[in-house]
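Asker: Submitted below is the structure of interest, expressed as structure tokens.
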Amino acid sequence: KGVGMDFISSCINANREIYDILKEADPTLKEPQGKGFGGDISKKIDLVAEEIFRYHLEAFGRFDSEESGESGEGDCRVIVDPLDGSDNFASDIPFYGTSVALEIDGRIRESFVCNLVTGTYYRKSGPNEMKGSVITRQVIPYEPNPHASVGIFEKSYARPDLVEKVHRCGLKFRTPGALALSLAMAREVTFVLFAGSMREYDIAAGWHINEELFCYRDEELLLVSSNREIFDKLYHELKG
């Protein structure tokens, strides 16, 4: 297979299949299955989703999943988080999704993140960031939301010192609990902030989708915003 729209189409098909399975509301999908490669406890849905992605995407290159690590052959690498926010799913909190990135020659070239509750996806292929639906197949340009009034601060509970700094900037935020999905949604909120250990599975696709925005990342801090004033205010407060 090639890349570009073939890869995006395969991501859409895989996510639609997972979306349909979740609509069946099988309670056994929430059952724990042991620790995955990434260190978290895998749910049955994590493993089911992984196999669906493997079927649709392994032809593009080495398949590297948070659940089972890297397998297969090829010059390209497909980086997959089969279910971002599986604890939310198990707890009936409606915020969870998937994250897929295609790495070619050491760089992410294609990325796709899907909200499995709404069926909405965010993707970047070439220079274009797009938003669409795995249900209707409608696609529109992914533009900043002019009405956004809150940001997202993932894992804020672990950093009360940074929470205070965000409050000093006069900014509101939420903590929905699915980093890959939150990061992909950066254009829909005022900012996305994360502090802590970062795994490639969580950030590869979302970071690529937003690389044209105002971005900062070091070993323990990630900040993205489509608004220069908000980005500057937060950056100077957090790093000052």
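The values are calculated or read from the model by the stated rules, or taken from the named source; none is laboratory data. Keep in mind it's a predicted model, so treat the numbers as computed, not measured. Positions of Cβ are generated from backbone atoms using ideal geometry, with glycine treated the same way; all protein chains shown enter the neighbour counts. Side chains included, ligands, DNA and RNA excluded: accessible areas come from the protein's heavy atoms. Shrake-Rupley method; radii C 1.70, N 1.55, O 1.52, S 1.80 Å.
Asker: Which of (1) assigned to a loop (DSSP other than H, G, I, E, B); (2) open to solvent by less than 60 Å² (accessible area, probe 1.4 Å); (3) closer than 21 Å to PHE191 by Cβ does SER111 not meet, given it meets every other one?
Answerer: (1)
Asker: Please work out which residue is farthest from GLY119 (Cα to Cα), limiting yourself to the range 76-96 and to residues that are among the acidic types (Asp, Glu) and more than 14 Å from the chain's Cα centre (by Cα). It would help to see each step written out before you state the result.
Answerer: Residues of the range 76-96 among the acidic types (Asp, Glu): 81, 84, 87, 92.
Now drop any that are not more than 14 Å from the chain's Cα centre (by Cα), which leaves 87, 92.
Working: ASP87: 19, ASP92: 16 Å.
In this case the residue turns out to be ASP87.
Asker: Contact list please: Cβ distance under 8 Å, first residue in the range 102-126 and without any contact (Cβ under 8 Å) to a residue 40 or more places away in the chain and within 15 Å of LEU83 (Cβ to Cβ), second residue surrounded by 21 or more Cβ atoms within 10 Å (Cβ to Cβ) and among the hydroxyl-bearing types (Ser, Thr, Tyr), pairs at least six apart or on different chains.
Answerer: As it stands, the answer is VAL117/TYR96, since those pairs meet every condition given.
Asker: Could you run through the range 120-131 and say how many residues are open to solvent by less than 70 Å² (accessible area, probe 1.4 Å) and over 17 Å from ALA180 (Cα atoms)?
Answerer: Total meeting the criteria: 2.
Asker: Moving on. Given the criterion in contact (Cβ under 8 Å) with a residue 60 or more places away in the chain, closer than 17 Å to TRP207 by Cα and not β-branched (Val, Ile, Thr), identify the matching residue among ASP87, ASP81. Spell out the reasoning first.
Answerer: Numbers: ASP87 fails: closer than 17 Å to TRP207 by Cα.
Unique residue meeting the criteria: ASP81.
Asker: May I pose another question? From the list LEU238, LEU234, LEU223, which one is free of Cβ contacts under 8 Å to residues at least 40 places away in the same chain and either outside any loop (DSSP other than H, G, I, E, B) or touching a helix residue (DSSP H, G or I) at 6+ places or on another chain (Cβ under 6 Å) (or both)?
Answerer: Testing whether each residue is free of Cβ contacts under 8 Å to residues at least 40 places away in the same chain and either outside any loop (DSSP other than H, G, I, E, B) or touching a helix residue (DSSP H, G or I) at 6+ places or on another chain (Cβ under 6 Å) (or both) leaves just LEU223.
Asker: While we're looking at this one, here's another question. Can you tell me which residue in the range 77-108 is farthest from PHE63 (Cα to Cα), limited to those that are charged (D, E, K, R) and not in a helix (DSSP H, G or I)?
Answerer: My answer is ASP92.
Asker: Select from the range 84-96 the residues that are within 22 Å of ARG199 (Cβ to Cβ) and either modelled with pLDDT of 95 or more or touching a helix residue (DSSP H, G or I) at 6+ places or on another chain (Cβ under 7 Å) (or both) and list them in ascending order.
Answerer: If the condition is that a residue be within 22 Å of ARG199 (Cβ to Cβ) and either modelled with pLDDT of 95 or more or touching a helix residue (DSSP H, G or I) at 6+ places or on another chain (Cβ under 7 Å) (or both), then ASP84, GLY85, SER86, ASN88, PHE89, ALA90, SER91, ILE93, PHE95, TYR96 are the ones that fit.
Asker: Can you name every residue in the range 181-223 that is surrounded by fewer than 17 Cβ atoms within 10 Å (Cβ to Cβ) and of a type in the set (S, T, N, Q)?
Answerer: Residue satisfying the conditions is SER197 alone.
Asker: May I pose another question? If a residue has to be surrounded by 14 or more Cβ atoms within 10 Å (Cβ to Cβ) and among the small types (Gly, Ala, Ser) to count, how many in the range 145-180 make the cut?
Answerer: Looking only at that region, the number is 6.
Asker: Name the residue, out of SER149, SER99, SER133, that is polar (S, T, N, Q), modelled with pLDDT of 95 or more and under 15 Å from the mean Cα position of the chain (by Cα).
Answerer: Step by step, each of SER149, SER99, SER133 is checked, and only SER99 is polar (S, T, N, Q), modelled with pLDDT of 95 or more and under 15 Å from the mean Cα position of the chain (by Cα).
Asker: Hey, another quick one. Take TYR142 and decide whether it is buried (at least 19 other Cβ atoms within 10 Å of the Cβ) and modelled with pLDDT of 95 or more.
Answerer: The answer is yes for TYR142.
Asker: Quick one: PHE63 ticks every box in (1) surrounded by fewer than 24 Cβ atoms within 10 Å (Cβ to Cβ); (2) at pLDDT 95 or above; (3) out of contact with any Leu (no Cβ under 9 Å at 6 or more places or on another chain) except a single one, so which number is it?
Answerer: Condition (3) is where PHE63 drops out.
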